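K.L.:
Following this message is one structure expressed as C-alpha cells.
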Amino acid sequence: MNGEARERTGTIVKVAGPLVVAEGMSGARMFDVVKVSDKRLIGEIIELSGDLASIQVYEETGGIGTGEPVYQTGQPLSVELGPGLIESIYDGIQRPLDVIREMVGESITRGIEVPALNREKKWAFEPKAAAGDSVVEGDLLGEVQETTLVIHKILVPPGINGTIERIESGEFTVEETVCVIKNDDGTTHDLSMMQRWPVRKSRPYKEKLAPHIALTTGQRVLDTFFPVGKGGTACVPGPFGSGKTVVQHQLAKWADAEIIVYIGCGERGNEMTDVLLEFPELKDPRSGDPLMRRTVLIANTSNMPVAAREASVYTGITIAEYFRDMGYSVAVMADSTSRWAEAMREISGRLEEMPGEEGYPAYLGAKVAEFYERAGRVTCLGSDSREGAMSVIGAVSPPGGDLSDPVVQATLRVVKVFWSLEDKLAYKRHFPAISWLTSYSLYLENIETYLREEVAEDMPDLRSEAMRLLEEEAELEEIVRLVGIDALSPADRLTLEASRSIREDFLHQNAFHEVDTYTSMEKQYKMLHVILHFYHRAKDALEKGVPITTIETLPIRERIARAKYMAEDAADQIVALEDEIDKAIKDVLAEAA
C-alpha cells in the first residue's frame, strides 16, 4: 500500500460518495489498491467491467471530480505484520493514528501515507534457529521481546521452505534482513522481521481443531451458563443502552487470551475514547502490567469515512491470525458488525446492485460467514505442531433491538454462541443484561470434559440445575401475575426464592466494582454451589414442616448475597458459608420440632 505507484493508468468518470468509477483501467485486478486523484486517496477496486473499474474509496471524496487521475499499485489491500503491532492504535486501513496526530494534529489529512510499522525503531532479534538448519513455512526463526507481556515470534513466511544460509543476532529495524533462506532450486529469500499479507485472504494453517477448552471471561453469566470455546465465535446483539459496549470492554479486559484485538467498527467516538483512555490504565490480571501491552486497537468511529469500516474488520482479523500463527490464544472484539454491514449496504446501493432484505446486499450472509469462519483453534504451520486459537466476538446493533434484523439473522446462522441482551433487564438495572431464557451456547458439550477436569466434577450439573430453576421461575411468575404469590405452594415459593438468589447474587455483576468486575471459574463454582446448597437444605427443612416464611427471612441469606464481593484470595470463606447454612437450617428444624 505504501510502495511507489506505477504510471497513471486511469481517469475518473463518476464520483458517488465513497464510490469512484474510473476508465482506462485495463490490467487492473479485483481488490487491487489504487490511489485516487492527485490527493492520492486510498481506494480498492471492487468491480471490473471492461476497462471500467468501480473503486471503494476509504477516505472522504469531497472535492474530487471527473477527469482526475487514478494510479494503480498492482497490490491488494494488505497489512504490515511484525514487531510494533502491540500497543498500536490504527484506523481501518492500518494507518497509525498516534503517529498521524504528531504529524498533522487532531484531524487526519486526506491522502496521508504513514507506514503501519515504525521503520526507524530497532528491535532486539534473538535467533532460535542456526545456519544450516532445514526449515519449512511456519518454523520459528527467532524472537523479539515486543512488550513485557508479548514475545513476538518471527516465523518463516508461508510458501517458503529451504535451508538457512545466514541468520544474525542483534538489533534491527523491521526492514533489515535478519535471515537468508536458500530453496532447493537455488533461489534465496532475504527475510526481514516484517511481512505483508492481503487482508481478504485468510492465513494458512495445518488443521482446524475442535474448540474443547473454555475461553473464560470472568463474567459469571457467560462462563457458567453460556460459555464460548477458545477458537469459537459469539454474537452479542441488543438494543441501544442494553450494555453491548460494556460487555465488549469487559471481555477485552478479562478474557483468558494472550492477545486482544479490539475493532471499533463505526461505533460512536466517545465509546472508542473510553477504550483508548481506559486500557492504558487497566492492569492485566495475570501480570499486573498495563493491559495495552497485549492489545491492538483498530479505531474506526462513526465520524470516519463509511467505506473504511468495511476494511477495518479485515484489517483486525488478519492481525489476529498473525498472532494466532505464533501459537497464541487471541480474542477479537468487533464492535459493531452492524456498522460494517451498513457500509456494505451503502456501497452496494452506489453500485446499483439488486438489494436483498431491508436494502442490504444479497451477499450479506456470505460476507458475515466469511468473516466468522476465519476464527478457530488450529494446528499452526511449522514442524513443531504448536496450537493457536482465535476467538471472535461480534456485537450487533439491530434497530430497536429487533432480532429479526438481517444482520442478526445472518450472524446467528454462523456463530455458536448467542448472548441476547435485553433492554427490560437493563431498565431493571440488571447487568450484564443477558437474558438467560433466550441466550444459548453450542459449545457446552465440547467443553464439558474441560469443566469437569479443570473446575469441578459437578460444575456442568450445577449449571443444569440452576438453569432448570430459572426456567421454572419464568413459568411461576406467570401464575403470580395472575393470582398472586400466596396462591403458590411452599415448594414453588422456595423455587422462586432460589431463582431470585441465582439472578441477583450470581448472574448480576457490577462491571465497575473492583472485586465484582472479575470472577475466576473457581470462585464461580463455589458461589453457585453455596446457592444451590442452601436450596437443597431449605427444601429438606420445608419437607420437615419448617414454614417458608422462616426460610425466606434467614439472616444467612444476606451472607450468601455478599459472597460476590469477597476477594479471590478469600474464596475459601464462601465454602465456609455451607457450614453456616447447615447450622442455620439445623436451628430452625430444632425450633419447628
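The values are calculated or read from the model by the stated rules, or taken from the named source; none is laboratory data. Bear in mind the structure is a predicted one, so any value in this text is a computation, not a measurement. With ideal geometry, Cβ positions are generated from the backbone for all residues, glycine too; neighbour counts draw on all protein chains shown. Quick note on the areas: whole protein, heavy atoms, side chains included, nothing else; ligands and nucleic acids left out. Shrake-Rupley method; radii C 1.70, N 1.55, O 1.52, S 1.80 Å.
K.L.:
Search the structure for amide H atoms under 5 Å from the amide H of Thr301, placed 1.01 Å from N in the peptide plane, and list their residues when 5 or more places away or on another chain.
P.N.:
Gly266
K.L.:
Here's another thing I want to ask about it. Accessible surface of Met344 in the full protein assembly, 1.4 angstrom probe, to the nearest 10 Å²?
P.N.:
Spelled out: Met344, probe radius 1.4 Å, area about 10 Å².
K.L.:
Only loop residues by DSSP count here, and only those with at most 13 other Cβ atoms within 10 Å; note down the chymotrypsin sites (Phe, Trp or Tyr not before Pro) in the stretch 470-541 that meet that.
P.N.:
Values: sites: Phe506, Phe512, Tyr518, Tyr525, Phe534, Tyr535; in loops: Phe512, Tyr518.
Here the sparse-neighbourhood loop sites are Phe512.
K.L.:
What fraction of the DSSP beta bridges in the chain is antiparallel, stated in percent and rounded to the nearest 5? Please list the in-between numbers first.
P.N.:
On the way: 65 of 93 bridges.
DSSP beta bridges in the chain are roughly 70 percent antiparallel.
K.L.:
In the full protein assembly as shown, how much of Glu143 is accessible to a 1.4 Å probe, in Å² to the nearest 10?
P.N.:
40
K.L.:
What is the spin-label model distance, in nm, from Asn510 to Glu578 if the labels are put 7 Å beyond Cα along the C-beta direction?
P.N.:
Once both label points are built, they end up 2.8 nm from each other.
K.L.:
Using 7 Å Cα-to-Cβ label points, what is the Tyr565/Lys201 separation (nm, one decimal)?
P.N.:
Roughly 5.7 nm, to one decimal.
K.L.:
May I ask you to list the lysines whose Cα is less than 19 Å away from that of Lys121, ignoring any residue fewer than eight positions away on the same chain?
P.N.:
Those lysines meeting the cut-off are Lys153.
K.L.:
Residue by residue, what Karplus-based ³J(HN,Hα) values in Hz, rounded to whole numbers, does the stretch 337-350 have, using 6.51, -1.76 and 1.60 with θ = phi - 60° and x for Gly and Pro?
P.N.:
Here the 3J(HN,Hα) series is 6, 4, 5, 5, 5, 5, 5, 4, 5, 5, 5, 4, x, 5 Hz.
K.L.:
Continuing with this model, one more query. Taking Cα pairs under 8 Å and at least six residues apart, what relative contact order does the chain come out at, in percent? Don't skip to the answer; put the middle values down first.
P.N.:
Details: 1250 pairs, mean separation 75.9, N = 593.
It rounds to 13 percent for the chain.
K.L.:
Say the cut-off is 24 Å between C-alpha atoms; which of Lys253/Lys523; Lys14/Lys367; Lys283/Lys428; Lys128/Lys206; Lys206/Lys230; Lys230/Lys253 go over it? Show your work: numbers first, answer last.
P.N.:
Details: Lys253/Lys523 18 Å; Lys14/Lys367 26 Å; Lys283/Lys428 30 Å; Lys128/Lys206 22 Å; Lys206/Lys230 17 Å; Lys230/Lys253 16 Å.
Violating the 24 Å Cα-Cα cut-off are Lys14/Lys367; Lys283/Lys428.
K.L.:
May I have the convex hull volume per residue, in Å³, for the Cα set of the stretch 238-364? Before the final figure, lay out each step's value.
P.N.:
Details: hull volume 14.5 nm³, N = 127.
Residue-normalised Cα hull volume stands at 114 Å³.
K.L.:
Same structure, new question: Mind ranking Asp587, Asp185 by accessible surface for me, highest first, 1.4 Å probe? Numbers along the way, then the final one.
P.N.:
Numbers: Asp587 70, Asp185 115 Å².
Sorted descending by solvent-accessible area, the residues read Asp185, Asp587.
K.L.:
Obtain the nm distance between the two label points defined at Lys14 and Gln145 by a simple spin-label model: each point lies 7 Å from its Cα along the Cα-to-C-beta direction.
P.N.:
Here the modelled spin labels are 5.8 nm apart.
K.L.:
Counting only heavy atoms of the protein chains, get the accessible area per residue of the chain (1.4 Å probe) and round it to a whole Å² value. Before the final figure, lay out the partial values.
P.N.:
Values: 24320 Å² over 593 residues.
Using a 1.4 Å probe on heavy atoms only, each residue of the chain averages 41 Å².
K.L.:
Another one. For Lys424, list the aspartates and glutamates whose Cα falls under 14 Å from its own Cα; do not include residues on the same chain fewer than 8 positions away.
P.N.:
Asp402
K.L.:
Here's something else I'd like to know. Any chance you could look up the accessible area of Leu251 with a 1.4 Å probe, heavy atoms only, rounded to 10 Å²?
P.N.:
0
K.L.:
Show me, for the stretch 470-482, the HN-Hα J-couplings you get by feeding each phi into the Karplus relation (A = 6.51, B = -1.76, C = 1.60, θ = phi - 60°), rounded to Hz, glycine and proline as x.
P.N.:
Each residue's phi maps through the Karplus curve to give 5, 5, 5, 4, 4, 5, 5, 4, 4, 5, 4, 5, 7 Hz.
K.L.:
By per-residue mean of other Cβ atoms within 10 Å, what is the highest-first order of 9-18, 276-285, 326-335? Don't jump to the answer; show the numbers that get you there.
P.N.:
Values: 9-18: 18.1, 276-285: 14.2, 326-335: 25.3.
Peptide ranking by packing, descending: 326-335, 9-18, 276-285.
K.L.:
Within the accessible area of the chain, what % is carbon and sulfur when the probe is 1.4 Å and the other protein chains stay in place? Intermediate values should be presented prior to the final figure.
P.N.:
Numbers: 11900 of 24320 Å².
Carbon and sulfur atoms account for 49 percent of the accessible area of the chain.
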